[in-house]
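Notes for the one structure printed next.
The values are calculated or read from the model by the stated rules, or taken from the named source; none is laboratory data. Quantities reported herein were computed from a predicted structural model and do not represent experimental measurements. Neighbour counts run over all protein chains shown; Cβ positions are idealised from the backbone, glycine included.
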């Protein structure tokens, strides 16, 4: 991988690692649907003027339907799922389950794009999903927490979101190759904001959230969504979907760091070991490294 692309991957991982912190901060005050909608809307307010300034609105019109679908599957529904999960599990644990995105991406690329993985990559898929089962079995209590969400449902929401991320990466590669990254980012967030508008209105919080919650939403929308998605779609175009979504196995490092620094979250031995298994499997499944005997 080129050095510049690796640096961009690390920067994107740090930014997206912060998204789990901001969801934990803002989720209880806003609720999942309003938080997800505000995240998308805030990104639109930054990205659409930028798209117009660059003179690329035509790309949005030409590929409107496909971009709108990406907005639903890669933004609206995953945002909603992770906002829901933030009410019951830690930022670090959410980010570890988020790291399964490349596993789903590799499976879908294999089935849909006929991108057959090597034996080493297939071993990584098996290992990664075993790590997920280990973590889920240890954490998936069905007892609702303080906000009425059980860890089991939160984990299921995370895994559904990552399945959608994996699907969206292959859909983008197949149907939106060559579309400017700003058009993809702006159009997908516009679609997500429209899709989430009614649920957000129906479940808008009765009490106006405090200023720190609004600040967390602003950071989530502008930095972790608007800026991050431009970077992400650029990486898909440059490296392909399987390599671009490998950013997700770097995210837990930053999410755990931010959670420890700002939320006093801790890791137990099972989380550390389960995370190691998931990340090891993910690194194999994405071809980050290979087992020679299984080539």
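Some notes on this structure:
- Test result for residue 222, within 17 Å of the chain's Cα centre (by Cα), in a helix (DSSP H, G or I) and either crowded, with 17+ Cβ neighbours inside 10 Å or at pLDDT 95 or above (or both): yes
- Conditions (1) assigned to a helix (DSSP H, G or I); (2) farther than 16 Å from residue 33 by Cα; (3) more than 20 Å from the chain's Cα centre (by Cα); number of the one not met by residue 164: (3)
- The listed residue being surrounded by 24 or more Cβ atoms within 10 Å (Cβ to Cβ) and either within 24 Å of residue 218 (Cβ to Cβ) or touching a strand residue (DSSP E or B) at 6+ places or on another chain (Cβ under 7 Å) (or both), out of 97, 22: 22
- First in the range 165-187 and at negative phi and touching a residue at least 60 places away in the same chain (Cβ under 8 Å), second anywhere and outside any helix (DSSP H, G or I) and surrounded by 20 or more Cβ atoms within 10 Å (Cβ to Cβ), Cβ under 8 Å, 6 or more apart: 184/176
- Check on residue 206, assigned to a helix (DSSP H, G or I), free of Cβ contacts under 8 Å to residues at least 40 places away in the same chain and surrounded by fewer than 24 Cβ atoms within 10 Å (Cβ to Cβ): no
- Of the residues making up the range 105-127, just one is within 25 Å of residue 39 (Cβ to Cβ) and surrounded by fewer than 24 Cβ atoms within 10 Å (Cβ to Cβ), namely 108.
- Each residue in the range 172-194 was checked for being modelled with pLDDT of 95 or more and over 18 Å from the mean Cα position of the chain (by Cα), and 1 pass.
- Residue within the range 48-67 that is in a helix (DSSP H, G or I), at pLDDT 95 or above, surrounded by 19 or more Cβ atoms within 10 Å (Cβ to Cβ) and within 22 Å of the chain's Cα centre (by Cα) present: yes
- For the range 122-139, the set of residues classified as at pLDDT 80 or above, touching a helix residue (DSSP H, G or I) at 6+ places or on another chain (Cβ under 6 Å) and more than 10 Å from residue 277 (Cα to Cα) consists of 123, 125, listed by residue number.
- The range 152-164: number of residues that are free of Cβ contacts under 8 Å to residues at least 24 places away in the same chain and crowded, with 24+ Cβ neighbours inside 10 Å: 0
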